[in-house]
1. Using Cα pairs closer than 8 Å and at least 6 residues apart in sequence, work out the relative contact order for the range 23-74, in percent.
2. State to the nearest 20 debye the size of the charge dipole of the range 23-74 about its Cα centre, where the only charges are +1 on K and R beta carbons and -1 on D and E beta carbons.
3. Using r as the Cβ-Cβ distance of K74 and Q42, and R0 as 30 Å, what FRET efficiency do you calculate, to the nearest 0.05?
4. When the Cα atoms of the range 23-74 are enclosed in a convex hull and the volume is divided per residue, what value in Å³ results?
Amino acid sequence: MEVEPNAEHHNPAGASDAATGAELNFEQAMDQLERIVAELEQGDVPLEKAIDLFQRGMQLSQLCGQKLEQVERKIETIVEEDGQLRRRNFAGEAESGDNF
């Protein structure tokens, strides 16, 4: 791989090259995303850096969405139907055979 001389390597909103999405928890990803949004909203970001920030923001947004979906699948609620307690997943679908 050839490296351009004097090439700038941007580090959008404090994201290190080693900090991949798999290493970030939801709160860390949201914190980075909020910092990116704030920086972009200032409007005085050079175009190349703005593109880098936007791309990192999209990655973080996707990561946050995936983590929320994982949590939704884990969440169960217990509801009463016809006098019996039943488990429901987050989406509200009753799980068969889970009577209490």
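Only the coordinates and a few stated rules stand behind these numbers; no lab work does. Computed from a prediction, not measured in an experiment: that's the story for all the values here. Counting neighbours? That spans all protein chains shown, and the Cβs are built from the backbone with ideal geometry, glycine included.
1. Working: 21 pairs, mean separation 26.4, N = 52.
This gives 51 percent for the range 23-74.
2. Working: 6 positive and 11 negative charges, 54 e Å.
Taking the Cα centre of the range 23-74 as origin, the dipole is about 260 debye.
3. Values: r = 37 Å, r/R0 = 1.25.
Once rounded, the FRET efficiency stands at 0.20.
4. About 63 Å³ per residue, rounded to a whole number.
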